[in-house]
Amino acid sequence: RRPQTLLRDVSLSIEPRELVAIVGASGAGKSTLLLALNGYRPASRGQVRLNGIDYYSHLGMFQTIIGYVPQTDIVHTDLKVESALRYAAWLRLPPDTTEPDVMKLVSRVLDEMGLTHRRHHLVRTLSGGERKRVNIGVELLTRPSLLFLDEPTTGLDAGLERRVVRQLRT
């Protein structure tokens, strides 16, 4: 099988606190670019630099400061929202994190994502926008410095899309 070029001549610079959208037609390589940028599918040529440091050579160093929300759900839909976030916190936070600290963090993320009123609902019963916000909330638990979201507003109506983008800006 012949190697296939998925990305060519891509160059961008993102400054701190910028909200950047990568827009293009279906199949244009947006998800592939995100996977290369976040290290899940490193490019075979070229480089990704984070704060001037070669990202691929230091993936372990950056792993704790980068979050990634794929297009598909990353939470178990048969869990209640609060439980999904709590379990995610236990998996992602340092092992010496206490239960009260986890619950405080979960409550803060629920508040930030506008989901406090849904904390005891099963994830599968939520609207598309609410499920998307739970998935984003999972990544926000670790307070990443850099957050990649693959199509965070796909399938949402215009009002929900605006709300999600507004929350991301915040």
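Bear in mind that the values in this text are calculations on the coordinates, not laboratory data. Values in this document were obtained by computation on a predicted structure and should not be read as measured data. Here the Cβ positions follow ideal geometry from the backbone for every residue, glycine too, while neighbour counts run over all protein chains shown.
Quick look at the values:
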| read-out | value |
| --- | --- |
| Neighbourhood charge, 13 Å Cβ-Cβ cut-off, centred on Leu122 and excluding it, Lys, Arg +1 and Asp, Glu -1 | +1 |
| Neighbourhood net charge (14 Å Cβ-Cβ; Lys/Arg +1, Asp/Glu -1) for Ser83 | +2 |
| Phi to ³J(HN,Hα) by Karplus 6.51 cos²θ - 1.76 cosθ + 1.60 over the stretch 91-98, Hz, x for Gly, Pro | 6, 9, 8, x, x, 8, 5, 7 |
| Gained length - Val165 relative to His117, 0.36 nm times residue gap less alpha-carbon distance | 15.3 nm |
| Globularity index of the chain, i.e. its alpha-carbon radius of gyration over 2.2 N^0.38 Å | 1.10 |
| Cut-off under 5 Å, modelled amide H: who pairs with Leu147 long-range | Gly67 |
